[in-house]
Amino acid sequence: MLRDDRNALQTVREAKKDSDEFYMSVLAGSIAAPIKESLLEDAKHFANPKEALVELLIEQVMRTIWEGFGELDFHPVHTK
């Protein structure tokens, strides 16, 4: 994420009725050391200081649901 700031996060649809997908394109940026230390101190879970901490700036979000599962008219419906 730190080498190339353009990234995408996506879930994969399960092969069952009423399953949906989620896609998000983001820009990733590193967190400055003083801010990183403060965030690690405030974390509600164990946070390893050796791990990379990045800020994600959301560009686009899309949800896809599938209609007509198991039928000939099986097709995606996108919501941005």
When the chain is modelled as a GNM with alpha-carbon springs shorter than 10 Å, which of LYS50, LYS36, LYS17 fluctuates the most?
-> LYS50
Which of the GluC sites (Glu not before Pro) across the chain are loop residues per DSSP, with 11 or fewer other Cβ within 10 Å?
-> GLU14, GLU51, GLU71
Give the angle, between 0 and 90 degrees and rounded to the nearest 10, that separates the Cα long axis of helix 33-42 from the longest principal axis of the Cα atoms of the chain.
-> 70
The chain, relative contact order [Cα under 8 Å, separation at least 6], % | 29
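Please report the carbon-and-sulfur percent of the accessible area for the chain; probe 1.4 Å, protein heavy atoms only, DNA, RNA and ligands left out. List each step's numbers first, then the result.
Working: 3550 of 6630 Å².
Using a 1.4 Å probe with all protein chains present, the chain comes out at 54 percent carbon and sulfur.
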Using P(r) over Cα pairs in 5 Å bins from 0, in percent as the read-out, say which of (i) 3, 13, 17, 14, 13, 13, 10, 8, 5, 3, 1, 0; (ii) 3, 12, 20, 25, 22, 15, 4, 0; (iii) 3, 11, 13, 12, 11, 10, 12, 14, 11, 3, 1, 0 was calculated from these coordinates.
-> (i)
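Where the only charges are on Cβ atoms (+1 Lys, Arg; -1 Asp, Glu), what is the dipole of the chain about its Cα centre, to the nearest 20 debye?
On the way: 10 positive and 15 negative charges, 30 e Å.
Once rounded to the nearest 20, the dipole reads 140 debye.
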Expected unfolding gain across LEU27-ASP42 under the 0.36 nm per residue rule, minus the alpha-carbon gap, is 3.0 nm
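So which chymotrypsin sites (Phe, Trp or Tyr not before Pro) in the chain pass both tests, a DSSP loop state and at most 15 other Cβ atoms within 10 Å of the Cβ? Working shown, then result.
Working: sites: PHE22, TYR23, PHE46, TRP66, PHE69, PHE74; in loops: PHE46, PHE69, PHE74.
Answer by residue number: PHE46, PHE69, PHE74.
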Picking from ASN7, HIS45, ALA33, whose Cα lies most toward the positive end of the charge dipole for the chain (charges on Cβ: Lys, Arg +1; Asp, Glu -1)?
-> ALA33
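The values are calculated or read from the model by the stated rules, or taken from the named source; none is laboratory data. Remember, it's a predicted structure, so these values are computed and weren't measured experimentally. Every residue, glycine among them, receives a Cβ derived from its backbone with ideal geometry; neighbour counts consider all protein chains shown. Note: accessible area is taken over every heavy atom of the protein model, side chains too, but ligands, DNA and RNA are not part of it. Shrake-Rupley method; radii C 1.70, N 1.55, O 1.52, S 1.80 Å.
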